[in-house]
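Any read-out appearing in this document is the output of simple, stated calculations on the displayed coordinates, not a laboratory observation. Remember, it's a predicted structure, so these values are computed and weren't measured experimentally. Cβ sites come from the backbone with ideal geometry, for glycine too, and all protein chains shown count toward neighbours.
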Amino acid sequence: MVRLFLCFFLFCVPGFGISQVFGNEDLKANTKSAQVKTISMVYKKEPRRSLTVYYPDGWKPTAKRSALVIFRCRIPEQREYFRKRGMVIVKPQLAGVNSGKLPGLSLNEIAKLPKPRLQVEDTKSVIRFVRKNASQLGVNPQRIVATGTSGGGDLALQSYLNSAFEDPNDDRSVSHRPNALVLYCPAFDGIDIWYVKMETLLNNTKAKAPSFTPYLLQFIKNTTDDYATPLDHRAKLIEFAAKLGNEQKIDESEIKHFQEILKLFNQRDWQLLHPVEDALKMSASRILAKEPLPPTLIMFGDRDHLFQHQKAFVEKAKAQGQKFELKIFQGAGHSFMLQPAFMEPSTKEVETFLKKQGFLP
């Protein structure tokens, strides 16, 4: 399939009327060709967030198509496939959360950066926006599918499950819950992926570097019983371990062992950006209620580096009585749907699911 939508030209849809609803400053329409129509819209004014809508061929403002909302990922082949199948595709901008530059920032600077919880708020705002403006968008408000890859897959699930984080400006009379979920290699339970458990830290320290046990609180804070939060960047903690070890005349081998233990903290210092208290409220298996999920398809590969976490979530959800469809692709790694061997099979899997649930003809 051809990658589309690299650049677009202005187009106009007679009678659409969307600029009257949102104001001209909120509307930019464009297309690469006469056959592919897109429109950019502001779904949140403060902080300002926009989204791009990709319209199916033959779309009319009076249509009531199913909508596919794609969170924080690039799946252009699938996006184009389902656009051609008649769905209105919505690709929103979310809060810019990026921990890649953290080692070059001070802790005070990090504290001011956008937090992952804002992305959860944004996902709910997007679903509400699409549903509230369904008639202008030409979509069925009861046929909204949320999807995403990796962290985007988890965010799609958060848009349905999460009750902890809300944008105070949202109209809560409008449901934030999508009517179906398609989760590609989702990064469930990020707290278990990125964070260091106190039990692990204590056991490793006592076994390999016991002299550092009394000094642990100079390296971490423990705001919960289960997880440790580093007090600084991992690299700086490792430097501090050498300094403290020399001052306390700790054996060089113990210092090296403890420095290796400190490497348990994620290289991107995710804990510094994403407070443990927030992470717990975004842990999918912890906030999963007994209330049934909407029609849901979960897909991942058995060679995904997150496989154990994905499998753990699936098992817990099943134990709670949740019903969903599950497809595990043999030999597939993370982001499998972009790999030639799995692109078409995964797309067909989604198509079959959506047809069965009445979202596609």
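Ordering 75, 114, 40 by the projection of their Cα atoms onto the charge dipole of segment 33-114, which places +1 on the Cβ of Lys and Arg and -1 on the Cβ of Asp and Glu, puts 40 at the extreme positive end. For residue 323, which lysines qualify as cross-link partners when the Cα separation must be under 23 Å and same-chain residues fewer than eight apart are set aside? Leaving aside lysines fewer than 8 places away in the same chain, those within reach of residue 323 are 124, 281, 290, 311, 348, 355, 356. To the nearest 10 degrees, how steeply does helix 307-319 sit against the main Cα axis of the chain, on a 0 to 90 scale? The angle comes out at about 70 degrees.
In segment 193-310, the inverse of the mean reciprocal separation of distinct Cα atoms equals 16.2 Å; this is its Kirkwood hydrodynamic radius.
On full extension of the chain, what length is gained from residue 287 through residue 225, given 0.36 nm per residue of separation minus the C-alpha to C-alpha distance?
Difference between extended and current length: 20.5 nm.
Taking segment 196-264 as the region of interest, the number of lysine pairs whose Cα atoms are within less than 17 Å, with members eight or more places apart or on different chains, is 15.
Mean residue ellipticity, 222 nm, helices only, the chain: the sum of -39500 (n - 2.57) across DSSP H runs of n ≥ 4, divided by residue count and rounded to 500, is -10500 deg cm²/dmol. The stretch between residue 235 and residue 107 holds 44.7 nm of extra length on full extension. This uses 0.36 nm per residue minus the Cα-Cα distance. More than 15 angstrom separation, counting every C-alpha pair in segment 105-150; what % is that? Of the Cα pairs, 59 percent sit more than 15 Å apart. Each label was represented as a point 7 Å from its Cα along the Cα-to-Cβ direction; for residue 242 and residue 267 these points are 1.9 nm apart. Taking Cα centre as origin and charging only the Cβ of basic (Lys, Arg, +1) and acidic (Asp, Glu, -1) residues, the dipole magnitude of segment 196-264 rounds to 100 debye. Of all beta bridges that DSSP places with both ends in the chain, some 50 percent have antiparallel geometry. Computed over the chain, relative contact order equals 15 percent, with contacts defined as Cα pairs under 8 Å that lie 6+ residues apart.
Sparsely packed loop sites in segment 102-179 (the GluC sites (Glu not before Pro) outside DSSP H, G, I, E and B with at most 16 other Cβ atoms within 10 Å) comprise 166. Calculated on C-alpha atoms, the gyration radius of the chain divided by its Kirkwood radius gives an Rg/Rh of 1.04. Between helix 151-161 and the chain there is an angle of about 70 degrees, using the helix long axis and the longest principal axis of the Cα atoms. Using only Cα atoms and rounding to the nearest 10 degrees, what angle (0 to 90) does helix 340-356 make with the longest principal axis of the chain? For helix 340-356, the angle is close to 60 degrees.
Projected label points at residue 351 and residue 163, each 7 Å from Cα along the beta carbon direction, are separated by 3.9 nanometres. Distance between the pseudo-spin-label points of residue 175 and residue 324 (7 Å out from Cα toward the beta carbon): 1.8 nm. Could you please state, rounded to a whole Å, how far the C-alpha centre of segment 118-190 is from the C-alpha centre of segment 43-74? Taking the Cα centre of each part, segment 118-190 and segment 43-74 sit 12 Å apart.
Along its principal axes, segment 178-256 has C-alpha extents of 62, 22, 21 angstrom, given from the largest down. A Cβ-based charge dipole, computed about the Cα centre of the chain with Lys and Arg at +1 and Asp and Glu at -1, lands at about 1380 debye.
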